[in-house]
Structure formats: C-alpha cells, structure tokens
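Worksheet: one structure, shown below.
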Amino acid sequence: MSALSDAALRRLRDAAEAPDLTGTKYEIVSRIGQGGMGTVYRARDRELGREIALKVVRLPESAPDLATRMMREARTLALLEHPGIVPIHDVGTLVDGRVFYAMKLVRGAPLHELPATGLPERLTIVERVCEAVAFAHAHGVIHRDLKPQNVMVGAFGEVLVMDWGVAKIVGDATASLGVGSVAGTDEHTEPTTGHGVVLGTPGYMAPEQAAGDPSLVDTRADVYAI
C-alpha cells in the first residue's frame, strides 16, 4: 500500500478542519492561510453576494483560551474604526462550537512580498502604519506583533495593519471590550497571559516584551517594532 503524498495529506487535513457553516450566510471558497489562533478562509456572503475573509478559531480541542482570544480580537477590531485597520463585519459561534468573525477581504500582498520599491514609497507605507498604530494607541490598544507579514498593501495602495490577536488592552478600552469580565484577566492584559509568557515575534520585540513580563509592555514596544 503506497503512502499518501504530502498534497493528499494536506487536502485531508483541510477537509477535517473545515468549519461547519450550517446556519450562517457564508460558504467557503478557499483557504487563505493559518495563524497562531485560527485559519483564514476566503468566503462568500450569500445574502450580499460578495466575498469576505472569514477567520475561524482552531478546532475546539486546541488551547481552551483561543476562543476567548478570538472574540477579543474581533471586539478590538470593532473598536478600531480606521482606514488603516481592516473592518470587521460579523462575529459569532458556529454549530461545531468554534468562534468566527467575518472581515473585509483585502486583495493585495503583505509588505515583505512586495516588489522592490524606492525609499520614498517604503517610507510612505511606514507612515501609514504609524498612523494606524497611533490611532490604536489613542484608543488603549497596543498591537505587540508588528512585522512586515502583518502589514497588507491593498490593490488600491491602501495600507492595513493586520492580526491583532495578541494585542494588549489598557486603560478605558478594557471596559469597552469587556476584558475585565473575563476570568483570569488583570487590569491591563488579556486573559491567560502570565509572567514569563512571551507574545510576539523574535526580531521585532522590544527587550521588555521579550523578557516575558506583560506589565512592562506599553506603546513604546510598538514603536520599537516599527
């Protein structure tokens, strides 16, 4: 009996992980990619007849706090209405128990995949990133994972800061997002983040972030990453 090819194994894995969208207005078109918390799909909104991006938390048997983090990310995006931050359309729980949210489908490329451009063009992109991040900071949100892979440049030149899954919420924003109502949450951080837990990407983290003490991380960590 011959072994399955890598491609066949990927297809079987994708089929097993495919979300059950029964009872929703969405249908899967294709798989876009996978991150630390969940999988992002290109999906079609049958009621509006448009394509959207659908992010679905990993299978329920994965880390138990992922659903909480995903819902929190959706609420963070809903709070941050800015041209440089991808808008969210919908959030909910599927019949298989997985949390999902729907957002604008960004057609473009991440910053690290863009063709080589001149310094003025690159600086313009960085300036747009700074504007979006400054807006988030003004609303009590620290991204904590800024890197080229999390910056999308759209088909019309728009610059979007993506993936707010490990964002830190501070000040009045905790009440807006309902963070304080989640068990295990302190006044400044997300649930389940304790001392010694490092969130972020090596090579972009400020020293205090890499140290694993969330109480030391403030807006300057994002400035360092930029």
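Could you check the stretch 137-196 and list, in sequence order, the residues that are at pLDDT 65 or above, of a type in the set (D, E, K, R) and within 19 Å of the chain's Cα centre (by Cα)?
If the condition is that a residue be at pLDDT 65 or above, of a type in the set (D, E, K, R) and within 19 Å of the chain's Cα centre (by Cα), then 144, 145, 147, 158, 163, 168 are the ones that fit.
Inspect all residues belonging to the stretch 80-91 and state whether any of them is β-branched (Val, Ile, Thr), out of contact with any strand residue (DSSP E or B) (no Cβ under 8 Å at 6 or more places or on another chain), open to solvent by 50 Å² or more (accessible area, probe 1.4 Å) and at pLDDT 85 or above.
no
If residue 95 meets every condition in (1) within 20 Å of residue 42 (Cα to Cα); (2) in a loop (DSSP other than H, G, I, E, B); (3) touching a residue at least 40 places away in the same chain (Cβ under 8 Å); (4) out of contact with any Gly (no Cβ under 8 Å at 6 or more places or on another chain) apart from one, which number is that one?
(4)
Taking into account only those residues within the stretch 71-96 that are out of contact with any helix residue (DSSP H, G or I) (no Cβ under 8 Å at 6 or more places or on another chain) and of a type in the set (Gly, Ala, Ser), which is nearest to residue 23 (Cα to Cα)?
Ranking the candidates gives 92 first.
Looking for whichever is in contact with a Pro (Cβ under 7 Å, 6 or more places away or on another chain), buried (at least 21 other Cβ atoms within 10 Å of the Cβ) and either in contact (Cβ under 8 Å) with a residue 40 or more places away in the chain or among the aliphatic types (A, V, I, L, M) (or both) here; the options are 133, 151. Which one fits?
Being in contact with a Pro (Cβ under 7 Å, 6 or more places away or on another chain), buried (at least 21 other Cβ atoms within 10 Å of the Cβ) and either in contact (Cβ under 8 Å) with a residue 40 or more places away in the chain or among the aliphatic types (A, V, I, L, M) (or both) holds for just one of 133, 151, which is 151.
Consider the stretch 39-68. How many of its residues are modelled with pLDDT of 85 or more and not in a loop (DSSP other than H, G, I, E, B)?
16
What single numbered condition from (1) modelled with pLDDT of 95 or more; (2) over 28 Å from residue 33 (Cα atoms) fails to hold for residue 118?
(1) is the only condition that residue 118 fails.
Out of (1) assigned to a loop (DSSP other than H, G, I, E, B); (2) without any contact (Cβ under 8 Å) to a residue 24 or more places away in the chain, what's the single condition that is false for residue 82?
(2)
Look through the stretch 115-130, keep the residues that are among the aliphatic types (A, V, I, L, M) and either crowded, with 16+ Cβ neighbours inside 10 Å or in contact with a helix residue (DSSP H, G or I) (Cβ under 7 Å, 6 or more places away or on another chain) (or both), and return whichever of them is nearest to residue 87 (Cα to Cα).
129
Can you find a residue that is more than 27 Å from residue 125 (Cα to Cα) and under 13 Å from the mean Cα position of the chain (by Cα) anywhere in the stretch 74-94?
No - not one qualifying residue is present in the stretch 74-94.
What number of residues in the stretch 199-209 are part of a helix (DSSP H, G or I) and over 14 Å from residue 166 (Cα atoms)?
Of the residues in that region, 2 qualify.
The values are calculated or read from the model by the stated rules, or taken from the named source; none is laboratory data. For clarity, every value in this text was computed on a predicted model and none was experimentally measured. Because the Cβ atoms are built from the backbone with ideal geometry, glycine has one as well, and the counts that use them run over all protein chains shown. Areas reflect the complete protein model, heavy atoms only, side chains present, ligands, DNA and RNA absent. Shrake-Rupley method; radii C 1.70, N 1.55, O 1.52, S 1.80 Å.
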